[in-house]
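The values are calculated or read from the model by the stated rules, or taken from the named source; none is laboratory data. What you are looking at is a predicted structure, and each value in this text was computed from that prediction instead of being measured. Glycine also receives a Cβ, built like all others from the backbone with ideal geometry; neighbour counts cover every protein chain displayed.
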Amino acid sequence: MRRPKHRSIRTPDGITHGVKRRPLFLDIYHLFLGATWWTALAAIVGVFLTLNLLFSLAYLAIGGVSGVGSWFDAFAFSVQTMATIGYGGMAPVTPAAHVLVIAEAVFGLLFTALTTGLVFAKFTLAPSSVVFAQHVVVFRMNGQRTLAVRLGNERGNLIVDATLRLVMMRTEKTAEGVTWYRMIDLPLQRSWMPAVTRGWSVLHTIDAQSPLHGATSAQLARDEVEIIATLAGVDQTTLQPVHAIKRYEEKDVRFGQRHADMTSVAADGTFVLDVGQFDALVAAAE
């Protein structure tokens, strides 16, 4: 039976059908970097053992290796050859065996080079340390309705030249009756920070020009509203780009509440930051 040309995949948005199939080897790098360390190491060990299994069967088929009397001997000889160990107890003695050893040596060099590059790339790929608060809040600030998104950096260093964008997605009906998922930018009071340490509250003023003007929780649910926050910056320590994204559904928007204060000043004047209040909410005018 022929393999289907298209497949279905699961994405953060749901399930996508009709995706064109691609050869697996074209996505090895992407899959390896996206896998957990345990999965990646298990894949390397699995490929290494599989290659040695195939070569051990080839050695048994052609013979010509002194000291090999069983499959396990052939497997051990293959491992020694691919890993360039060479204890000297087993050695090829026929032209065919020598040719097979040369072929395995080439495979061993390529496998070592490939796995070294993959492991190095994965090791140097620092995961994002950006966290977003669980809820978006809408409250009144200086007499004006304001939407706020809180984010922070879990590491003790800085994310420099940080830029945040806020987009609202909602379902609309065109004049022709077609359902359209529209993306609308939400202008921010400040979308850029020279450095992000522990916390940053990003604010959008809900004025007459805002797409959220007059919005209520029921209206957000009716329009299937989602709010997407994306951050881009540079890690101060590794100098690597930092990217983070957070999707908020309408049920994650809290009206008449604000994020709890995280900062305070001790009696001796020491600045205190309580990250335990990162997701906490308190009542506020709306």
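Among the residues of region 231-277, the ones that are touching a Phe, Trp or Tyr at 6+ places or on another chain (Cβ under 9 Å), closer than 16 Å to Thr197 by Cα and not polar (S, T, N, Q) come to 3 in all.
Whether a residue is under 30 Å from Val160 (Cβ atoms), out of contact with any strand residue (DSSP E or B) (no Cβ under 8 Å at 6 or more places or on another chain) and of a type in the set (A, V, I, L, M, F, W, C) was assessed, and Leu239 passes this test.
Scanning region 162-184 for residues that are in contact with a Phe, Trp or Tyr (Cβ under 8 Å, 6 or more places away or on another chain), more than 13 Å from Trp200 (Cβ to Cβ) and either among the aliphatic types (A, V, I, L, M) or buried (at least 16 other Cβ atoms within 10 Å of the Cβ) (or both) yields Met169, Arg170. Candidates are the residues of region 237-249 that are surrounded by 19 or more Cβ atoms within 10 Å (Cβ to Cβ) and farther than 16 Å from Ala148 by Cβ; the one that is modelled with the highest pLDDT is Ala244.
The conditions are (1) within 23 Å of Phe278 (Cβ to Cβ); (2) exposed (fewer than 15 other Cβ atoms within 10 Å of the Cβ), and Ile85 fails exactly one of them. Which is it? Ile85 satisfies all of (1) within 23 Å of Phe278 (Cβ to Cβ); (2) exposed (fewer than 15 other Cβ atoms within 10 Å of the Cβ) except (1).
Has region 128-142 got any residue that is assigned by TED's automatic domain parsing to the domain that holds Ile228, among the charged types (D, E, K, R) and at pLDDT 90 or above? So far as region 128-142 goes, yes, one or more of its residues are assigned by TED's automatic domain parsing to the domain that holds Ile228, among the charged types (D, E, K, R) and at pLDDT 90 or above.
Restricted to region 92-136, and to residues there that are over 36 Å from the mean Cα position of the chain (by Cα) and not hydrophobic (A, V, I, L, M, F, W, C), the residue that is surrounded by the fewest Cβ atoms within 10 Å (Cβ to Cβ) is Pro95. Can you run down the residue pairs with Cβ atoms below 6 Å, 6 or more apart or on separate chains, where the first is in region 83-98 and within 19 Å of Gly69 (Cβ to Cβ) and the partner is assigned to a loop (DSSP other than H, G, I, E, B) and polar (S, T, N, Q)? Note: no pairs meet the criteria.
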